Structures are given as C-alpha cells and as structure tokens.
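Here's the structure, in structure tokens; my notes come after.
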C-alpha cells in the first residue's frame, strides 16, 4: 500500500498544482467530496455529499471560496451581530466561544471559519492573559475579515492588535528597555520561522516596535517611548518603525515559504513532508500575488495533490473537527455551550490556546485519555445526552441575550440517527450499518461492517429497543451503528 509520503513524492511540481480532473482511473466520488468539505469547512451531511458527487470539483471549490452570496450571508451576519453585543456584555468566556461554534456549524461560508481557526492558531492569543472578551472578540473579527485576504495586511494589523499587544508584553517595550518578546514572535511564529533571523535582528526589531500600548481597548502609539535611532534588520539599516519591520519580514525570501508550508500542513497533510521544489510554484505565486491567501487556498483545493492519497485522511481531526463534523453529519442542533465544554475536555479551548505556539495538532490530539473521551462523546452525541443537543439555533434570536446557547434551555432537538434511516428507507442491521459507514467513512470496510452488524443483531436479540420506546428496534440500532462508526480509528482522521 502506498504511503502518503510516497504518494506526495510521485508528483512533479508542475503536475502537482494543476487542477484535478476526474478520469476513469481516478473518479470524482463521495470520498473526494467529503474530503473537500472536511478540509474547506468542518464536514458535510449526506445530502451535501450526494449533491457534490453529481456536481464537479471546480464548481464546488468556487462555491466554497465565496460562500453563499447575497441574502443568506447577510441574514446570518445580522443574526451574529445581534448576539455579539449581548455576549460581550455578559462577560462569559463560554458564551463568546459558543458564538464561534455557532459560526462553524451554521455559517454559509464555512471556509472562512476554517481559515479563521487556522489563523487563530497561527497568531495564538489567549484570554487567560489578555483578560478581555471584547479585545479577544475584536481580534477574532479582524482575523475573520482577513482570513482569505492578503497576508501582508493581516500581519500588519495583528502587530498592532490590542489583544496581541497585551499577550506579547508589547506594553513593556519602551525605548530605554526594549522587550524582545514581540519582535521574536513576529519573526519566529508569524512570518519567517526558526533559523531565518539572528538574535541581532530580534534585538534591533524590538527597538522598532517600541512605543505601542493598549489603552481603553485601542492600540495607542506613544512617540515619547519610541526609539527613533537607526536599526539594522536583515542587513538593512534605517530608522525603522514596527511597520517597517513587518515590511522587511514580508520581503524576506523565507516568508512566503513559511506560510505556504503551514497551509500545506493545514489543508493537505500532517504526515507527508513536501520538498522545497514541490512547493516552489505555490511559493513564487503567493509572493508575486502580494500574499493573496485566497489564491493560495484555491490553488491547493483544486490541485491534484489535494485529491490524492497524499492528502485524504492524512490529518488527525481536532476536537472542533470531530465535534462540529459529527453534528453536521447527523444534522443535529446542539447546545453550543455543551459543545464548548466538550472541546475543552478534548484539549482545544477556543480563545485559550496553550502557548504562543498555539495547539500542536496532529497526533498530539490523540492519546489514551482523549481517545476514550471521544468514544464517550460519540455515545452521548448519538443518544442526545450529556454533550448532546437541547437547543434549536433559531431560538438564538430571542431577546434574552444568549438563551438559546445556554445549556439546558430551549427546545430539545438532539441528533437523531433514526431520522436518517427513515429518510432513506433503511431497515435491518446490514443496511443500517452500511449507511452509517458510508456517512462517516464514505466506504464500507468488510471487517467493520461484520463487527457492527454483529453488534446490532445482538442488540436486537436482547430487545434493547424497549429502552428507546421503539418497538421496531430501528432507532436503537441506528444510534448504536452511528456510535460504533464514530469510534473507528478512521473517523479520527480528516
């Protein structure tokens, strides 16, 4: 069996980034449709996948790049705007994060939310230190605004972002006592990567960033605290300001490659390592187009590499991927605060990344503890208990600020696997098992099928359907089949 690395190494740079075109030996199918929606969003339901198979990759990528234009997006943003002010006034971090999960679940532009999460991890900032939901929410909105824009504009805004100023101690960066934290992270984590600058570059850049502080929720520049002297950064000397240092970083040959590599890992593979030569068409194109993130993302999503064995199921699902994707597949309407708590329990506390480096991701998401928690959450989700769902998102618009995303309030509407069976007229253990394997995995592994069917037959024999008030037994079997399909190792991969 070909490994992801072998699949990646088989590509020449020219062919790798050309748009994928379906052919008999490499058809457009549900595996590729689901893969696209996992990477360019958080997943898809059965209808979206089957509709996608009847469409074509180019058309779907185009739709994902722009989101739902017109009235549906305006309506959605209007809903979010009505919630946002109340959330901030409530001063409850859980509700602010619940609002973001609401976006992930229901946004007509899922790719923008995917990229907002990516950049949140890139510019990792934690409210544990910032201690201002207003600043964190504003940073989140800044990132969202630039998520598919130009990286140079995003980097420039983030270096004078009030939450970032607090997070990286920029307020203590004064001309007589420069603090190197800010300059170091701008180079190491935000633009260039380790090994592409010297300690002298950091020291000089720190002087250029002096004078900035956060005051009354705004980034304020104090000329009296700015070091106006000459600084030498990357061998270039001038009376550089922080903005000048950002431009010097962007002109550094390492910058475009650093961002391309991070997006390769985000959108293609955590396991296969691309060579510099393979990435060169993306790097040169990204740089020549003034760091146009939308161009880079679209080129990747359309490419032969993206739809190959080098990419499909080559990432470990983050807690957000696992939970939001499961809800989308099961068409449930969750209690969002319960989803926040579930994300926390799995190691991904939105707006509270563990360090300036963000979440490590990859295999770090999975250990014996978090795997067991995922299995338990899958059980609860499929049965609508605990971290299941009690709230209809339509109720978010009442006047009681966040009534609909408070746990335990609102109309109950749990994910109902049996509803999917009724829609597709499926009866009997084998058809039920096949359906949920296809829904969650897009293929039916014979061994997994036999195992799930045996479990369903044993459950039916034990008349466990009585527990669910379902004389025919199909509801209980559906929940069990969905739960078992979600606990298989493959389902932990994106």
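The values are calculated or read from the model by the stated rules, or taken from the named source; none is laboratory data. Fair warning: this is a prediction, and the values are worked out from it, not measured in the lab. Please note: Cβ atoms are built from the backbone with ideal geometry, for glycine as well, and neighbour counts cover all protein chains shown.
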Restricting to the stretch 161-176, give me the number of residues that are modelled with pLDDT of 95 or more and either more than 17 Å from residue 136 (Cβ to Cβ) or not in a helix (DSSP H, G or I) (or both). 1
Within the stretch 196-215, how many residues are assigned to a loop (DSSP other than H, G, I, E, B), surrounded by fewer than 22 Cβ atoms within 10 Å (Cβ to Cβ) and either without any contact (Cβ under 8 Å) to a residue 40 or more places away in the chain or over 28 Å from the mean Cα position of the chain (by Cα) (or both)? 2
Selection over the stretch 131-160 where residues are in contact with a strand residue (DSSP E or B) (Cβ under 9 Å, 6 or more places away or on another chain), within 22 Å of residue 85 (Cβ to Cβ) and not in a loop (DSSP other than H, G, I, E, B) yields a count of 1
Over the stretch 261-297, the set of residues touching a strand residue (DSSP E or B) at 6+ places or on another chain (Cβ under 9 Å), farther than 28 Å from residue 493 by Cβ and in contact (Cβ under 8 Å) with a residue 24 or more places away in the chain is 290, 291, 292
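Restricting the search to the stretch 355-373, which residues are assigned to a helix (DSSP H, G or I) and in contact with a helix residue (DSSP H, G or I) (Cβ under 6 Å, 6 or more places away or on another chain)?
The first filter runs over the stretch 355-373 and keeps only residues assigned to a helix (DSSP H, G or I), leaving 362-365, 368-373.
Across the stretch 355-373, the qualifying residues are 370, 373.
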Tally, over the stretch 46-65, of residues that are out of contact with any helix residue (DSSP H, G or I) (no Cβ under 9 Å at 6 or more places or on another chain) and either surrounded by 15 or more Cβ atoms within 10 Å (Cβ to Cβ) or in contact (Cβ under 8 Å) with a residue 24 or more places away in the chain (or both): 2
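Residues in the stretch 277-312 that are part of a loop (DSSP other than H, G, I, E, B) and surrounded by 21 or more Cβ atoms within 10 Å (Cβ to Cβ): how many?
Within the stretch 277-312, the first condition is being part of a loop (DSSP other than H, G, I, E, B), and the residues that meet it are 289-291, 304-312.
So of that shortlist, the ones also surrounded by 21 or more Cβ atoms within 10 Å (Cβ to Cβ) come out as 305-308, 310-312.
The total comes to 7.
Could you say whether any residue in the stretch 331-350 is part of a loop (DSSP other than H, G, I, E, B), touching a residue at least 60 places away in the same chain (Cβ under 8 Å) and under 13 Å from the mean Cα position of the chain (by Cα)?
Our first condition is that a residue be part of a loop (DSSP other than H, G, I, E, B); within the stretch 331-350, this holds for 331-335, 347-350.
Those left that are additionally touching a residue at least 60 places away in the same chain (Cβ under 8 Å): 331-335, 349-350.
Within this subset, residues satisfying the condition of being under 13 Å from the mean Cα position of the chain (by Cα) are 349-350.
Yes, some residue in the stretch 331-350 is part of a loop (DSSP other than H, G, I, E, B), touching a residue at least 60 places away in the same chain (Cβ under 8 Å) and under 13 Å from the mean Cα position of the chain (by Cα).
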Could you tell me whether any residue of the stretch 75-91 is under 15 Å from residue 111 (Cβ atoms) and either without any contact (Cβ under 8 Å) to a residue 60 or more places away in the chain or assigned to a helix (DSSP H, G or I) (or both)? yes
Only one of these conditions is not met by residue 423: (1) surrounded by fewer than 18 Cβ atoms within 10 Å (Cβ to Cβ); (2) at pLDDT 85 or above. Which number is it? (2)
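Given the criterion over 24 Å from residue 135 (Cα atoms) and in contact with a strand residue (DSSP E or B) (Cβ under 7 Å, 6 or more places away or on another chain), identify the matching residue among 225, 171, 230, 253. Break it down stepwise before answering.
Details: 225 fails: over 24 Å from residue 135 (Cα atoms); 171 fails: over 24 Å from residue 135 (Cα atoms); 253 fails: in contact with a strand residue (DSSP E or B) (Cβ under 7 Å, 6 or more places away or on another chain).
Exactly one residue qualifies, and that residue is 230.
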Just the residues that are closer than 20 Å to residue 149 by Cβ and in contact (Cβ under 8 Å) with a residue 40 or more places away in the chain, please, taken from the stretch 92-115. 100, 104, 107, 108, 109, 110, 111, 112, 113, 114, 115
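Hey, among 77, 141, 73, which residue is modelled with pLDDT of 95 or more and surrounded by fewer than 19 Cβ atoms within 10 Å (Cβ to Cβ)?
Exactly one of 77, 141, 73 is modelled with pLDDT of 95 or more and surrounded by fewer than 19 Cβ atoms within 10 Å (Cβ to Cβ), namely 141.
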Please determine whether any residue of the stretch 402-412 is under 29 Å from residue 31 (Cβ atoms) and either over 25 Å from the mean Cα position of the chain (by Cα) or at pLDDT 55 or above (or both). no
So in the stretch 242-276, with the set limited to residues that are over 21 Å from residue 17 (Cα atoms) and touching a helix residue (DSSP H, G or I) at 6+ places or on another chain (Cβ under 7 Å), which one is surrounded by the fewest Cβ atoms within 10 Å (Cβ to Cβ)? 243
Hey, among the residues in the stretch 251-260 that are touching a residue at least 60 places away in the same chain (Cβ under 8 Å) and over 22 Å from residue 143 (Cα atoms), which one's farthest from the chain's Cα centre (by Cα)? 252
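When you go through 97, 112, 184 one by one, which is the residue that is farther than 19 Å from residue 266 by Cβ, part of a helix (DSSP H, G or I) and within 15 Å of the chain's Cα centre (by Cα)? Outline the logic, then answer.
Values: 112 fails: farther than 19 Å from residue 266 by Cβ; 184 fails: within 15 Å of the chain's Cα centre (by Cα).
After ruling out the rest, the residue left standing is 97.
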Taking the stated definitions as given, is residue 319 surrounded by 21 or more Cβ atoms within 10 Å (Cβ to Cβ), touching a helix residue (DSSP H, G or I) at 6+ places or on another chain (Cβ under 6 Å) and closer than 20 Å to residue 140 by Cα? yes
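Give the residues of the stretch 19-39 that are surrounded by 14 or more Cβ atoms within 10 Å (Cβ to Cβ) and either in contact with a helix residue (DSSP H, G or I) (Cβ under 8 Å, 6 or more places away or on another chain) or within 19 Å of residue 280 (Cβ to Cβ) (or both), sorted by residue number.
Matches in the stretch 19-39: 19, 20, 28, 29, 30, 32, 33, 34, 36, 37, 38, 39.
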